[in-house]
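Colleague: Before we start, here is the structure in question, set down as structure tokens.
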Amino acid sequence: MSFQRKKIRVMIVDDSILARTIMRDGIKRYANIEVVGEAVNATDARSKIPVLKPDVITCDVEMPGMNGIDFVKSILPNHPIPIILVSSLDLRVFDALAVGAVDFVRKPDSMNGKERFIEALANKIMIASRSRVRKMPTPTPALSGMSRLTFANSVSNEIIIALGASTGGTEATLDVLKRLPANTPGMVIVQHMPVGFTKMYAERLDRNCALSVKEAETGDIIKPGQVLIAPGDKHMRVVKTGTHYTVNCQIGAKVSGHCPSVDVLFNSMAENVRCRMAGIIMTGMGSDGAKGLLAMKQKGAFTIGQDKDSCVVYGMPMVAYNIGAVNVQASCENIAGVLIRQLNKWR
């Protein structure tokens, strides 16, 4: 006797009939996804959710009446359903992620990008169906002056920190960075995110952290107090240029299913960095970064993996832990503290 795996029940919320049609016709080609209903706005969606009982909701950020951000706020307390935002290049997508949406996908600029959009949407629906929904996110306090790092710049110049994250990582990474002081050693970060959004994300982090944050460009020097975010369409590698460590950002084929890839960043650290280094792997589906983190650990890096209970998706950190790439597992709120204690040991 054979058993058919339960299909993922999806509800599409969008005021555009064209957008709903494209999404419905596109994702219904995936055998494990079923569109159980559609809604034209937030009010319509709220009335249909108890009846349709979707496993995942896709929601436009811009809708008449209640927008996607307020919709997420209103739904999650009573219906903890994974919500994927469907957005144009809009900074407000990060506000919706901050209040509990799981992920987002960028709307295509033209019909030529429709197939890539549908593929990305279907993939995110499958990931979201297995994710942990954050129903009541809480603000992250900054570190007090008494608990901040106070090591000398001569030491911080000799340390590089690399971090990788995917689904759920936009808020998790912010949570970590907000707890770090302005004199933290230079950091390089890969966050799986569409092109265009990484620049906005870096600017958002810069506004909310003591550290300086920017989207990376080839030739940027890794230095204390600064965080470099890999561009959404380029692999980022750490290289030695003269007396400095810099980054190289280049378009390339997907590695471990992604561009930018965490594995590419971590492997470049293992291959090229000869000072002290730390690696952090956070929430996300799949295994990107696990082998690279192991390579870093084998070269003497101190490595941290986000624990299961605090991950939106316990995939990348789980694989890294299972293959022995992680020195310490910690919750999202404790990762900064674990890192700080290790950096203080290196003083």
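Colleague: Being more than 16 Å from Val312 (Cβ to Cβ), in the same structural domain as Arg20 (by TED's automatic domain parsing) and touching a Lys or Arg at 6+ places or on another chain (Cβ under 7 Å) is the requirement here; does Pro50 meet it?
Modeller: Against the criterion (more than 16 Å from Val312 (Cβ to Cβ), in the same structural domain as Arg20 (by TED's automatic domain parsing) and touching a Lys or Arg at 6+ places or on another chain (Cβ under 7 Å)), Pro50 does not qualify.
Colleague: Can I ask one more? So Lys308 clears everything in (1) surrounded by fewer than 18 Cβ atoms within 10 Å (Cβ to Cβ); (2) more than 27 Å from Ala120 (Cβ to Cβ) except one condition, right? Which one?
Modeller: Lys308 satisfies all of (1) surrounded by fewer than 18 Cβ atoms within 10 Å (Cβ to Cβ); (2) more than 27 Å from Ala120 (Cβ to Cβ) except (2).
Colleague: Test of understanding: among Thr243, Thr184, Thr167, which residue is of a type in the set (S, T, N, Q) and under 23 Å from Val313 (Cα atoms)?
Modeller: Exactly one residue qualifies, and that residue is Thr167.
Colleague: Here is a further query. Any idea which residue in segment 235-275 is modelled with the lowest pLDDT, counting only those that are of a type in the set (S, T, N, Q) and over 16 Å from Ile222 (Cα atoms)? Reasoning before the result, please.
Modeller: Of all residues in segment 235-275, those of a type in the set (S, T, N, Q) come to 241, 243, 246, 248, 250, 256, 261, 267-268, 272.
From the residues that got through so far, the ones that are over 16 Å from Ile222 (Cα atoms) too are 250, 256, 261, 267.
Details: Gln250: 97, Ser256: 94, Ser261: 98, Asn267: 98.
Result: Ser256.
Colleague: Would you pick out the residues in segment 68-93 that are within 16 Å of Gly196 (Cβ to Cβ) and not in a helix (DSSP H, G or I)?
Modeller: Narrowing segment 68-93 to residues within 16 Å of Gly196 (Cβ to Cβ): 85-93.
Leu85, Val86, Ser87, Ser88, Leu89, Asp90, Leu91, listed by residue number.
Colleague: Give me the residue from segment 303-328 that is part of a loop (DSSP other than H, G, I, E, B) and small (Gly, Ala, Ser) and, out of that set, nearest to Ser256 (Cα to Cα). Give the derivation first.
Modeller: Keep residues of segment 303-328 that are part of a loop (DSSP other than H, G, I, E, B), which gives 307, 311-313, 315, 323-327.
Now drop any that are not small (Gly, Ala, Ser), which leaves 315, 324-325.
Details: Gly315: 13, Gly324: 18, Ala325: 16 Å.
Checking each candidate, the answer is Gly315.
Colleague: Would you pick out the residues in segment 272-288 that are surrounded by fewer than 20 Cβ atoms within 10 Å (Cβ to Cβ) and not in a loop (DSSP other than H, G, I, E, B)?
Modeller: Those that are surrounded by fewer than 20 Cβ atoms within 10 Å (Cβ to Cβ) and not in a loop (DSSP other than H, G, I, E, B): Asn272, Arg276.
Colleague: Do we find that Gly252 is over 13 Å from the mean Cα position of the chain (by Cα) and either of a type in the set (Gly, Ala, Ser) or assigned to a loop (DSSP other than H, G, I, E, B) (or both) in this structure?
Modeller: Criteria met by Gly252.
Colleague: Take the residues in segment 262-300 that are among the polar types (S, T, N, Q) and in contact with a helix residue (DSSP H, G or I) (Cβ under 8 Å, 6 or more places away or on another chain), then tell me which one is nearest to His235 (Cα to Cα).
Modeller: Checked segment 262-300; the qualifying residue nearest to His235 (Cα to Cα) is Asn267.
Colleague: A further question on this structure: So how many residues does segment 219-241 have that are of a type outside the set (D, E, K, R) and in a loop (DSSP other than H, G, I, E, B)?
Modeller: Number of matching residues: 7.
Colleague: Quick test for you: out of Lys291, Lys254, pick the one residue that is surrounded by fewer than 18 Cβ atoms within 10 Å (Cβ to Cβ) and among the basic types (Lys, Arg).
Modeller: Lys254
Colleague: Now for a different question. What strands (runs of 3 or more DSSP E) lie completely within segment 94-209 and have 3 or more residues being aliphatic (A, V, I, L, M), under 23 Å from Ser256 (Cβ atoms) and modelled with pLDDT of 95 or more?
Modeller: 159-165, 186-191
Colleague: If a residue must be closer than 17 Å to Leu293 by Cα and of a type in the set (S, T, N, Q), how many such residues does segment 243-271 contain?
Modeller: Final tally of qualifying residues: 4.
This table checks each residue for (1) of a type in the set (A, V, I, L, M); (2) part of a loop (DSSP other than H, G, I, E, B); (3) within 18 Å of Met200 (Cα to Cα).
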position: Val213; (1), (2), (3): yes, no, yes
position: Glu217; (1), (2), (3): no, yes, yes
position: Val247; (1), (2), (3): yes, no, no
position: Leu265; (1), (2), (3): yes, no, no
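Colleague: Also, quick follow-up: Taking segment 52-67 on its own, how many of its residues are out of contact with any Ser or Thr (no Cβ under 8 Å at 6 or more places or on another chain), crowded, with 20+ Cβ neighbours inside 10 Å and of a type outside the set (S, T, N, Q)?
Modeller: Total satisfying the criteria: 4.
Colleague: Say we look at segment 1-55 and pick out the residues that are basic (Lys, Arg) and in a loop (DSSP other than H, G, I, E, B); which of these is nearest to Ile75 (Cα to Cα)?
Modeller: Lys53
The values are calculated or read from the model by the stated rules, or taken from the named source; none is laboratory data. Only a predicted model underlies this, so the values are computations on that prediction, with no experimental measurement involved. Glycine gets a Cβ as well: all are built from the backbone with ideal geometry, and neighbour counts include every protein chain shown.
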